[in-house]
Amino acid sequence: MSDFQPTKTILRLELPTDPRWVNIAEKNIEEILVDHAYCEQKAATSGISLIVKYPDKTRLVEEMTELVAEEWSHFERVLAELKKRGFALGRNRPDEYVVELSKHIRKGDKRERQLMDHLLVNALIEARSCERFKLLWKNLQDEDLQKFYYELMVSEAGHYVSFVKLAKEYMPVEVVDARLKELLAIEANIIANLEHRPDRIH
């Protein structure tokens with residue numbers, strides 16, 4: 001295993017997760033894995049939605065096609081971890097974090113600006129997932145899950161970078177950087193005010 005660790009510099013998240021989250025999460029590992037499975041499923045669905053909405057954006061279609069395949073493979077891997085431990089997938093549950101963050105995708109704006117917002121919101125979801133996976137990797141006692149979450153942490157960091165780069169394909173760099181800064185502040189506020197849920201990835 002390499003020493004790769006996504007840092008605040010890479011992810012740029014303004015508010016770190018309370019470190020106590022992982023201690024409680026470990027006691028609710030079945031719920032964490034179920035929620036994680038649905039997060040991966042929703043990430044794949046989000047990639048498909050971008051392809052359907054922006055089929056004329058060739059680079060986006062290519063990258064989202066790869067991302068959808070990878071996210072679905074992650075979903076299958078989480079299902080395998082559930083099965084290994086004798087757990088079922090269980091019911092889906094709303095992701096309040098994603099719902100609140102998605103409210104800041106501007107409607108009725110120019111098509112490219114809407115695309116930028118979609119991409120940057122997806123980037124932040126990946127960044128927060130990456131940050132949580134790092135906590136699980138560093139703190140879980142289960143060695144198999146440690147390795148599992150290390151691998152997914154690296155993957156989510158790559159997705160974050162890819163989404164931001166894609167946004168800069170379709171909008172000026174300075175516009176993307178300014179909007180990302182705004183959304184990072186919004187994301188931190190959402191995290192600060194969201195009900196503490198140790199049984200959820202977000």
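The values are calculated or read from the model by the stated rules, or taken from the named source; none is laboratory data. Note that the structure is predicted; figures quoted are calculated from it, not measured. Don't worry about glycine lacking a Cβ; one is built from the backbone with ideal geometry, like all the others, and counts go over all protein chains shown.
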Completion exercise
Residue set Ala167, Ala185, Ala192; condition of a type in the set (A, V, I, L, M), modelled with pLDDT of 95 or more and more than 25 Å from Asp56 (Cβ to Cβ); output residue Ala185
Practice task
Check Arg91 against each of (1) modelled with pLDDT under 95; (2) under 24 Å from Trp137 (Cα atoms) and name the one condition it does not meet.
Solution key: (2)
Practice task
Report yes if some residue within the range 5-18 is in contact with a Phe, Trp or Tyr (Cβ under 8 Å, 6 or more places away or on another chain), farther than 18 Å from Tyr160 by Cβ and outside any helix (DSSP H, G or I); otherwise report no.
Solution key: no
Exercise for the section: Please specify each residue of the range 100-116 satisfying the condition of being under 28 Å from Glu195 (Cα atoms) and surrounded by fewer than 16 Cβ atoms within 10 Å (Cβ to Cβ). Expected result: Ser102, Lys103, Arg106, Lys107
Handout entry: 3 or more residues over 24 Å from Tyr54 (Cβ atoms): qualifying helices (runs of 4 or more DSSP H) within the range 92-202
Key = 111-139, 143-170, 173-193
Problem - Matching residues, the range 72-130, being hydroxyl-bearing (Ser, Thr, Tyr) and either touching a Pro at 6+ places or on another chain (Cβ under 8 Å) or more than 14 Å from Ala37 (Cα to Cα) (or both) - result: Tyr97, Ser102
Fill in the blank from the handout: So, first residue over 16 Å from Glu26 (Cβ atoms) and small (Gly, Ala, Ser) in the range 149-162, second residue crowded, with 18+ Cβ neighbours inside 10 Å and modelled with pLDDT under 95, Cβ within less than 6 Å, six or more apart or across chains; the pairs are Ala157/Pro6
Exercise for the section: Taking the residues in the range 25-53 that are among the aliphatic types (A, V, I, L, M) and farther than 13 Å from Ile201 by Cβ as candidates, determine which candidate is nearest to the chain's Cα centre (by Cα). Expected result: Ala44
Fill in the blank from the handout: Checked against (1) more than 20 Å from Arg59 (Cβ to Cβ); (2) in contact (Cβ under 8 Å) with a residue 40 or more places away in the chain, Gln146 satisfies every condition except (2)
Exercise for the section: Return yes or no: is Glu76 in a helix (DSSP H, G or I), surrounded by fewer than 17 Cβ atoms within 10 Å (Cβ to Cβ) and acidic (Asp, Glu)? Expected result: yes
Exercise for the section: Would you mind stating whether Lys83 is of a type outside the set (Phe, Trp, Tyr), modelled with pLDDT of 95 or more, over 17 Å from Arg128 (Cα atoms) and touching an Asp or Glu at 6+ places or on another chain (Cβ under 9 Å)? Expected result: no
Completion exercise
The residue from Leu11, Leu60 that alone is farther than 24 Å from Asn189 by Cα and crowded, with 18+ Cβ neighbours inside 10 Å is Leu60
